[in-house]
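Here is the structure we will look at, set down as structure tokens.
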């Protein structure tokens with residue numbers, strides 16, 4: 001598909017940002033500045049950016065424990081994410097959520113989730129809210145192949161289908177549920193065929209091809225916005241890193257680099273030259289460095305802060 | 001004052017709040033007594049859901065986070081256990097985990113307790129485990145008046161509220177006085193259902209009726225019983241409970257739940273861990289609860305397990321004896 005140069009470059013910038021940010025977060029984790037391993041998104045930037053590029057700022061998403069790509073692509077401030085990872089009070093969740101619970105309702109990021117499949121019903125509710133308020137906002141539920149074996153995958157798709165809710169279910173199938181291969185755990189080769197059970201469209205796209213993801217997402221989002229109901233998109237991804245630096249899934253798939261693919265596309269199409277792309281990387285690196293500095297300088301919570309925000313006042 | 005049923009009192013609260021606030025809507029497992037609301041407000045706002053509790057409980061959470069005030073009615077609370085991830089991991093924790101940036105005003109209302117010969121899944125008192133989930137408010141009214149006033153407050157609250165309705169009330173058709181005019185009851189306020197001097201009986205839900213019946217019997221024996229109904233278990237009105245305990249010096253706590261880890265256990269702890277209240281006690285506090293067994297089917301077995309007025313009266317007499 002043909003896209004205007006500015007949009008292509010913005011996609012490239014976002015994917016580069018996700019990669020640089022994730023790598024920096026992993027370094028900070030290894031250095032002890034982040035008290036937890038980072039579920040990495042390296043190699044999976046295409047699905048996050050491809051889908052979120054088809055959304056409006058007032059659309060809403062839910063995410064998974066592997067949330068950094070979704071959060072960045074939806075527009076959550078880098079500094080607020082990094083500060084949250086550091087456990088600081090200036091984090092997007094005031095240091096109470098951490099790596100698996102990045103959220104910023106002000107940009108439609110309704111939250112990552114530490115429970116596999118936990119976010120699908122919540123995104124379904126966001127779509128229900130859009131329908132009830134008579135708006136044309138759309139909700140997206142990101143989840144993995146593992147979640148497609150959870151009950152919420154099936155019950156949420158059925159609910160969304162019978163009520164024609166404006167939602168897109170996006171399965172990022174990276175072939176691994178923690179350390180269990182999809183080839184073992186899935187009854188079908190393509191998660192997208194499960195859409196048939198709910199009478200909704202289901203497509204499988206190459207998740208490392210951001211433009212293919214974007215095209216599929218645009219169609220599904222347009223359908224949802226027009227009031228025609230939900231869709232399922234399966235993005236075949238390749239997880240480069242292990243789940244969270246603690247399991248033993250092998251690093252694979254570096255032949256399928258979504259960032260490198262988009263770079264080739266941009267250079268071949270003459271959208272920009274390599275100097276322009278290098279400039280993007282320099283700007284991205286600076287932004288990530290700023291985010292890390294913001295986090296490192298952020299206030300450490302007062303222990304008593306643990307007692308706040310249990311209930312809304 | 002007119003008298004209406006417990007169920008009708010709740011329906012009145014729902015109707016008034018739906019008229020007052022168009023963001024209030026229902027996600028229910030079936031219409032049942034909500035039928036008139038569907039007629040008045042339409043099936044968009046009174047939505048019958050497929051039997052997918054995890055999906056519609058979670059959808060309620062999502063809609064709440066996006067500006068609505070859903071009332072989620074799975075029927076018997078046991079049915080909501082298929083949505084336990086959504087309740088425990090999402091509903092209770094999301095506001096806190098996200099640093100308070102979003103509010104989740106919703107009511108999860110469901111029938112609870114025994115008394116209908118339906119065995120251990122349909123007949124169980126699960127409120128104690130909701131007490132150990134910070135982030136949830138827990139309400140269990142014992143009268144039509146309390147049910148209406150507390151439901152209105154629960155709907156207006158900006159937090160998830162779990163609202164337990166003893167199912168024996170709808171079976172028995174319990175009625176009570178409910179004013180025509182508007183009123184609310186704040187969450188976290190106990191009510192002294194009967195004033196007395198000798199023994200404090202703290203009772204929850206339908207155990208309030210058993211406690212009041214026992215108090216009447218005991219009055220004839222010269223024992224003056226004060227019946228305190230916490231009405232809300234989270235937040236709990238510890239001041240009213242402790243005040244009463246200090247006044248009488250004798251405490252019996254009645255809860256339909258199995259005794260281990262019951263709300264009665266928590267209320268007992270609230271009483272004895274306060275030094276002044278502890279020193280005022282003339283006898284050890286006593287819990288009257290179900291034994292640690294699943295509720296059995298056969299009515300004679302079920303009745304054996306569930307505390308009744310005779311059990312409460314016996315515990316009060318024993319407490320009086322121990323204090324002499």
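Every read-out reported here was derived from the displayed coordinates using simple, explicitly stated rules and does not represent laboratory data. Note that this is a predicted model, so its numbers are computed, not measured. So basically every Cβ, Gly included, is an ideal-geometry build from the backbone, and we count neighbours across all protein chains shown.
The table below gives the values:
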item	result
Three-way shape call for chain B based on the alpha-carbon gyration tensor, with the a/c threshold at 1.5	prolate
Value of relative contact order over the stretch B:1-118, rounded to a whole percent, pairs C-alpha under 8 Å and six or more apart	25 percent
Descending Cα extents along the principal axes, the stretch A:111-264, whole Å	46, 36, 28
Residue with peak Gaussian network fluctuation, chain B [Cα springs, cutoff 10 Å], from B:216, B:302, B:273	B:273
Among beta bridges that DSSP assigns inside the stretch B:173-324, antiparallel share in %, nearest 5	20 percent
Inter-part distance where the stretch A:72-150 and the stretch B:171-224 are each reduced to a Cα centre, Å	45 Å
Label-point separation, residue B:195 to residue B:260 (7 Å along Cα→Cβ), nm	4.2 nm
Spacing of the two label points (7 Å from each Cα toward its C-beta) at residue A:282 and residue A:77, in nm	2.7 nm
Kirkwood hydrodynamic radius of the stretch B:1-139, Cα pairs, Å	15.8 Å
Diffusion constant of the stretch B:1-47 at 20 °C, which comes from Stokes-Einstein with the Kirkwood Cα-pair radius and 1.002 mPa s, µm²/s	194 µm²/s
Whole-Å distance, taken between Cα centres, linking the stretch B:9-24 and the stretch B:264-324	37 Å
Values of log10 I(q)/I(0), in the order q = 0.08, 0.12 Å⁻¹, for the protein assembly as shown under a Debye, Cα-only, solvent-free model	-0.64, -1.15
Max mean-square fluctuation residue, GNM over chain A, Cα-Cα springs under 10 Å, options A:89, A:135, A:156	A:135
Length gained when the stretch residue B:84-residue B:118 is fully extended (0.36 nm per residue, less Cα-Cα span)	10.1 nm
Anisotropy class of the stretch A:1-150 from Cα gyration tensor, a/c 1.5 cut	oblate
Relative contact order, percent, chain A [alpha-carbon distance under 8 Å, six or more residues apart]	22 percent
Per-residue [θ]222 nm for the protein assembly as shown (sum of -39500 (n - 2.57) over DSSP H runs n ≥ 4, rounded to 500)	-12000 deg cm²/dmol
Within the protein assembly as shown, percent of DSSP bridges classed antiparallel, to nearest 5	15 percent
Sequence-separation-based contact order of chain B, relative, with Cα cut under 8 Å and 6+ spacing, percent	17 percent
Gaussian network model of chain B, Cα within-10 Å springs - most flexible of B:88, B:293, B:57	B:293
Extended-chain gain in nm, criterion 0.36 nm per residue less alpha-carbon gap, residue A:187 and residue A:218	8.3 nm
Cα→Cβ-extended label distance, 7 Å offset, between residue B:44 and residue A:290, nm	4.3 nm
Whole-number D in µm² s⁻¹ for the stretch B:186-324, Kirkwood Cα-pair radius fed into Stokes-Einstein, 25 °C, 0.890 mPa s	166 µm²/s
Rg to Rh quotient for the stretch B:100-145, alpha carbon positions, Kirkwood Rh	1.05
Gyration tensor verdict on chain A (Cα atoms; rounded if a/c is under 1.5, prolate if a/b is larger than b/c, oblate otherwise)	rounded
